[in-house]
Amino acid sequence: MNPVRLTGRAVIGLTRATGRVAIFAAQGLARVGRHPRELARQIVQIGWLSLPVVGLTALFTGAALALQIHSGGERFQASDVVPAIVAIGMARELGPVLGGLMVAARVASAIAAELGTMRVTEQIDALVTLSTDPVGWLVSPRLWAALLCLPVLIGVGDIIGIMGGWLIGVQALGFNSTIYLSNSWAYLESWDVVSGLLKGVVFGLIVALSGCWFGMTAAGGAAGVGRATTNAVVAASVGILAANFALTGLFF
């Protein structure tokens, strides 16, 4: 029960775990291009099939943000800033973070469940027996698909979110359509959009890496697959929020 020993053990364990995950990620990223058909399939699974949930999330978020900013701005006679704040808020923060969290909920859980089931049913061991690299076949396409797709999803989500704010602004808040759109683009700088897309690259890596790591290390039958799925979603969500804070401090 020596506190120094317990602290040292925890630090060493954390360092070892971080090193194992980093090596795992490097191995997966290094095997790019070995299975282009599997990469294309994962782009459809991770990118295209995630578009509805990301789009709906962005639409309702942009609409709710416009209502909240208009309500708060009226207290200070500043309701005219609704278009600018909706556009900047969606591009910088809400679009990347909420899009990443929605993809984490859908994709990280699916990857962990699929790979975890393959692990506990010894399908991955069978791949090794057949001289097939499981990291190159299972991990690398998922990592690269998430890296490529999430910035695109975030970009589409930004547009849909801004349009959601525009729809509420014009239909419910009395804004002129042309003035609303012109104010949105006038105050939106290119770095606002680029920084959000760069966050998407990092978030995509976090989502796919969480799902692949916990799926590939699953053990203990059906219960182990359930734990891996839960841990993957939790790790991806917390990782996205932590990375967003770090990248926001770095970019701005």
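The values are calculated or read from the model by the stated rules, or taken from the named source; none is laboratory data. Bear in mind that the values here come from a model prediction, so they are computed numbers and not experimental data. Every residue, glycine as well, gets a Cβ built from its backbone with ideal geometry; the counts of neighbours run over all protein chains shown. Note: areas computed on protein heavy atoms with side chains; ligands, DNA, RNA excluded. Shrake-Rupley method; radii C 1.70, N 1.55, O 1.52, S 1.80 Å.
Here are a few things to note about the model shown:
- Percent of Cα pairs exceeding the 12 Å cut-off, where the set is the stretch 9-51: 70
- Cα shape, the stretch 202-252, gyration tensor, a/c 1.5 rule: prolate
- Site pair L14 and V194 shows an inter-label distance of 3.4 nm when each label is modelled 7 Å from Cα along Cα→Cβ.
- Lys, Arg +1 and Asp, Glu -1 on Cβ, resulting dipole of the chain about Cα centre, debye, nearest 20: 820
- With all protein chains kept in place, the per residue accessible area of the stretch 98-179 amounts to 42 square angstrom at a probe of 1.4 angstrom.
- In plain terms, the chain from T178 to T132 could stretch by 10.8 nm, reckoned as 0.36 nm per residue minus the Cα-Cα distance.
- Of all accessible heavy-atom area on the chain, the percent that carbon and sulfur account for (1.4 Å): 69
- Peptides 166-177, 146-157 ranked from most to least packed give 146-157, 166-177, packing being the mean of other C-beta atoms within 10 angstrom over each peptide's residues.
- Sites A30 and R5 - FRET efficiency at Förster radius 51 Å, r taken between beta-carbons, to 0.05: 0.85
- The distance between label points at W185 and V234 comes to 4.7 nm (points 7 Å beyond Cα on the Cα→Cβ vector).
- Positive-end extreme of charge dipole, the chain - chosen from M118, L209, I88 (charges on Cβ): M118
- The translational diffusion coefficient of the chain, from Stokes-Einstein at 10 °C and 1.306 mPa s with a Kirkwood hydrodynamic radius over alpha carbon pairs, comes to 81 µm²/s.
- Each peptide among 82-88, 126-132 gets the average number of other Cβ atoms lying within 10 Å of its residues, and from highest to lowest they stand as 82-88, 126-132.
- Look at the alpha carbon pairs under 8 Å that are at least 6 residues apart: their mean separation over the length of the chain gives a relative contact order of 31 percent.
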